[in-house]
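One structure is given here, and the rest of the page talks about it.
The values are calculated or read from the model by the stated rules, or taken from the named source; none is laboratory data. On a predicted model such as this, the values are computed, not experimentally measured, just so you know. Cβ placement follows ideal geometry from the backbone for every residue including glycine, while neighbour counts extend to all protein chains displayed. Calculation scope for accessible area: heavy atoms of the full protein, side chains included, ligands and nucleic acids excluded. Shrake-Rupley method; radii C 1.70, N 1.55, O 1.52, S 1.80 Å.
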Amino acid sequence: MRIAILGYGVVGSGVAEVLKINAAQVAKKAGESGESIDVKYILDTRDFPGEDQKSKFIKNFEEIERDPEIKIVAECIGGETTAYDFAKRAILAGKHVVTPNKALIAAHGAELFALAKERGVHLLFEASVGGGIPLIRPFCGALLTDEVQEIAGILNGTSNYILTQMNDNGKSYDNALKSAQELGYAEADPTADVGGFDACRKLSILLSLATGKTVDYKDIPTEGIEKITADDFAFAAENGYTLKHLAIAKISAGGVQAVVAPFLVKIGHPMSTVSDVYNALWARAKTTGSVMFYGSGAGKLPTASAVVSNLVDIAQNACAAHIWTAERVKILPAEGFAMKKTFRIYEG
Ligand code: HSE
C-alpha cells in the first residue's frame with residue numbers, strides 16, 4: 001500500500017519517522033492482510049536539503065492525485081484551506097485519507113464523510129483528539145453502543161503545559177508558551193491553543209460522534225488561558241484549587257450543553273493531576289458508567305503514532321465508520337456552575 005504524506009512539519013515528519021522506528025511492527029500488523037505501507041511521496045512547498053528521503057519530496061499535489069498507486073493520503077498540513085482542498089480531491093480520486101487535523105474534521109467532517117462513503121474510501125482521524133491517546137476508536141466502539149451523557153476533558157496539550165509550568169515552576173505565561181512551541185506542542189499559530197479554539201474543535205468532534213449530527217464548534221462558548229496570571233494560581237491554591245482548562249458537555253433529551261474555559265479544580269481531583277502536555281478525557285455513558293482516557297495530548301511522535309495506527313487500520317481493512325450527518329445540533333450554554341472570583345468551579 002503506497003502512501004503520500006502531505007506536509008512535512010511536526011506531525012508529517014513524525015509519520016515518516018514512526019513508520020521507520022516501528023517498521024517491523026507496522027509490517028507485521030499490516031502484513032496480516034498481505035499489505036505493506038510504503039511512503040512514495042512527501043508533499044511540501046519547502047525544501048529539506050538534509051533529508052535522506054530526498055527523492056520522495058514533491059511540490060505538486062496533482063502527481064499524488066493522478067497516481068493510481070497511491071492508496072492513502074496522510075494529510076498533515078493542518079488548517080482548513082489547503083488541507084480541505086487536498087483531502088477532498090484525494091477522496092474524489094478514490095484514495096483513503098487519514099488526518100490529525102481537528103480543524104478540518106470539525107469544520108468539514110459531515111461533508112467529507114459523506115463524500116468518502118460515496119467513493120467507498122475511509123476518512124480516519126484518530127490523532128485529531130487527544131494526540132497520542134487511543135481515544136476515537138474506543139469512544140466510537142464501546143461508548144457509542146451506549147449513550148454518552150457527559151464529557152469533561154483537558155483537550156489541549158499546549159494550554160495544559162503552560163498552566164502546569166506557571167503553577168508548578170513559576171514560569172511566566174510567555175516563557176511557557178515559547179517552550180511549548182519549541183517542544184512542537186503548539187500549532188504554527190498558537191492562537192487556537194491558548195484561545196481555547198483547538199480544545200473547542202476537539203470537543204465538537206466528540207459531541208458530533210456522540211450525537212451523530214454536526215456540533216458546530218462556533219456554537220460552543222469558549223474562553224482561553226491568555227488572561228490567567230500568577231495571582232490567579234495563588235488565589236486558587238489558597239482555596240484548595242488549581243486552574244485547568246476544561247472542555248465540558250452534557251448531552252440530554254433537552255439538548256447539548258457545552259463550554260470550554262478555565263475552571264477551578266479541587267487539588268487531588270484526577271483532573272488536577274493531569275500535567276504538562278498530558279490530556280485526559282472523562283466520559284460518562286448510561287450503562288457503561290465512567291471511563292477515563294489519559295496520555296500525551298500533543299507532540300511529534302505520539303501524534304504521528306496515532307496517524308500511523310490509522311494507516312494500519314486501512315491496510316487491515318479494520319475501519320469503523322465514524323461519521324456524522326450535516327444536521328446541526330443546537331448548543332445550549334452550560335450554566336449553573338458555582339463561581340469563585342471570575343472562575344467557574346468544576347465539581348465533576
Ligand atoms: N496544538 C495541539 C495541542 C496539538 O497543543 O493540543 C495536538 O492537537
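Taking region 167-182 as the range and being open to solvent by 90 Å² or more (accessible area, probe 1.4 Å) and either in contact (Cβ under 8 Å) with a residue 24 or more places away in the chain or among the acidic types (Asp, Glu) (or both) as the test, the residues that pass are Asp168, Asp174, Glu182. Considering only region 195-205, how many residues are within 9 Å of the ligand (Cβ to nearest atom) and not basic (Lys, Arg)? Total satisfying the criteria: 2.
Annotation: Leu243 fulfils all but one of (1) within 16 Å of the ligand (Cβ to nearest atom); (2) in a strand (DSSP E or B); the unmet one is (1). If you go through region 309-333 and pick out every residue that is touching a strand residue (DSSP E or B) at 6+ places or on another chain (Cβ under 7 Å), not in a loop (DSSP other than H, G, I, E, B) and not β-branched (Val, Ile, Thr), you end up with 6.
Criterion applied to Ala192, Ala253, Ala210, Ala236 was being within 16 Å of the ligand (Cβ to nearest atom) and small (Gly, Ala, Ser), and the one residue passing it is Ala192. Looking across region 308-337, the residues that are open to solvent by 40 Å² or more (accessible area, probe 1.4 Å) and of a type in the set (Gly, Ala, Ser) come down to Ala318, Ala320, Ala321, Ala326, Gly336. Does any residue of region 220-231 turn out to be more than 10 Å from the ligand (Cβ to nearest atom) and part of a helix (DSSP H, G or I)? Yes, region 220-231 contains a residue that is more than 10 Å from the ligand (Cβ to nearest atom) and part of a helix (DSSP H, G or I).
Please go through region 137-150 and pick out each residue that is surrounded by fewer than 24 Cβ atoms within 10 Å (Cβ to Cβ) and touching a residue at least 12 places away in the same chain (Cβ under 8 Å). Correct list: Arg137, Pro138, Cys140, Gly141, Ala142, Leu143, Leu144, Asp146, Glu147, Val148, Gln149, Glu150.
On the basis of being in a loop (DSSP other than H, G, I, E, B) and either open to solvent by 60 Å² or more (accessible area, probe 1.4 Å) or within 16 Å of the ligand (Cβ to nearest atom) (or both), does Ser305 make the cut?
No.
May I ask you to list the residues in region 263-290 that are part of a strand (DSSP E or B) and open to solvent by 10 Å² or more (accessible area, probe 1.4 Å)?
Within region 263-290, Lys266, Tyr278, Trp282, Arg284, Gly289, Ser290 meet the criteria.
Selection over region 215-240 of residues that are of a type in the set (Asp, Glu), in contact (Cβ under 8 Å) with a residue 40 or more places away in the chain and closer than 30 Å to Arg328 by Cβ gives a count of 3. Of the residues making up region 118-131, those that are in a loop (DSSP other than H, G, I, E, B) and within 9 Å of the ligand (Cβ to nearest atom) are Val129, Gly130, Gly131. Annotation for region 212-221: no member residue is open to solvent by less than 10 Å² (accessible area, probe 1.4 Å), at positive phi and either of a type in the set (A, V, I, L, M) or modelled with pLDDT of 95 or more (or both). Looking only at region 134-189, residues that are within 13 Å of the ligand (Cβ to nearest atom), assigned to a helix (DSSP H, G or I) and closer than 17 Å to Ile205 by Cα come to 2 in all.
Condition first: more than 17 Å from Ile162 (Cα to Cα) and of a type in the set (D, E, K, R). Now tell me which residues in region 227-242 satisfy that. Correct list: Glu238 only.
The set of residues in region 54-70 that are without any contact (Cβ under 8 Å) to a residue 60 or more places away in the chain and either more than 20 Å from Phe86 (Cβ to Cβ) or open to solvent by 60 Å² or more (accessible area, probe 1.4 Å) (or both) comprises Lys54, Ser55, Lys59, Asn60, Glu62, Glu63, Arg66, Pro68. What strands (runs of 3 or more DSSP E) lie completely within region 5-109 and have 1 or more residues being within 16 Å of the ligand (Cβ to nearest atom) and at pLDDT 95 or above? Answer list for region 5-109: 70-75, 96-98. In region 320-341 there is at least one residue matching the filter, namely being of a type outside the set (Gly, Ala, Ser), at pLDDT below 95 and farther than 27 Å from Leu144 by Cβ.
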